[in-house]
Amino acid sequence: MVNLSSSGHRFSNVDLKDPDFETTTYEPFVAYGRSKTANILFAVEFDRRHRHRGVRATAVHPGGIQTELTRHMDPAHLEQMVNQINEQAAAEGKGPLQFKTVPQGAATSVWAAVVASAEEVGGRYCENCHVSDVVAEDARLGLVNEGVRGYALDPQNAAALWKKSEELVGETL
């Protein structure tokens, strides 16, 4: 199983005590980060629960693709974000952000589903057609950087998310 996530997971870990922002201030990028971290954690726990049956799960980041995700953002704010990403990339000796096409964005999902071995990708996070390395929590954010935060692959965090999900839907899976 390939679960679509994003490098946006690096904006935030999940908050299982306040998943609906009832006691914390709602921030769109934090909410996005929580949801994308949850996608990875779901794959981690699903993989743990089903690998003995030969069913594996992974999470992938398709890359930066111009989608409708930013449709409600102020264009000036979006431009400022891209400029920041490009400044950061230049400081690190990298080229500017280049958005992927839809087929390029689908490549990692296809790679993880049919090319890579299940042992290689099971319970892991992949981007740009490879398994990503864990990066420090203070590592810079940005679409030109790679890596997965450790909290997104933490087995205890994954099990806790699974349990919370069961509580929220009223079912044991």
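When the chain is modelled as a GNM with alpha-carbon springs shorter than 10 Å, which of Ser132, Ser117, Ser35 fluctuates the most? Top of the fluctuation ranking is Ser117. Taking Cα centre as origin and charging only the Cβ of basic (Lys, Arg, +1) and acidic (Asp, Glu, -1) residues, the dipole magnitude of the stretch 48-136 rounds to 660 debye. Residues whose amide H lies under 5 Å from that of Arg149, counting only those 5 or more places away or on a different chain, are Val135; hydrogens are built 1.01 Å from N in the peptide plane.
When shorter helices are ignored and each DSSP H run of at least 4 residues is given -39500 (n - 2.57), the per-residue value for the chain at 222 nm works out to -12500 deg cm²/dmol. Simple point charges give the picture: +1 on the Cβ of Lys and Arg, -1 on the Cβ of Asp and Glu, and for the chain a dipole about the Cα centre of about 540 debye. In straight-distance terms, cross-link reach from Lys36 covers every one of the lysines whose alpha-carbon lies under 23 Å from its own, apart from those fewer than eight places away in the same chain; here that gives Lys17, Lys100, Lys163, Lys164. Ranking Asn3, Ile40, Ala113 by how far each Cα lies toward the positive end of the dipole of the chain (charges on Cβ) leaves Ala113 at the top. Sites count as exposed loop sites when they are GluC sites (Glu not before Pro), lie in a DSSP loop, and have at most 14 other Cβ atoms within 10 angstrom; the longest stretch of the chain without one is 23-91. Taking other C-beta atoms within 10 Å as the exposure proxy, Met81, Met73 rank Met73, Met81 from fewest upward.
Readers should treat all values here as calculations from the given coordinates under stated rules, not as data from a laboratory. Every value quoted in this text rests on a predicted model; they were computed, and no experiment measured them. Counting neighbours? That spans all protein chains shown, and the Cβs are built from the backbone with ideal geometry, glycine included.
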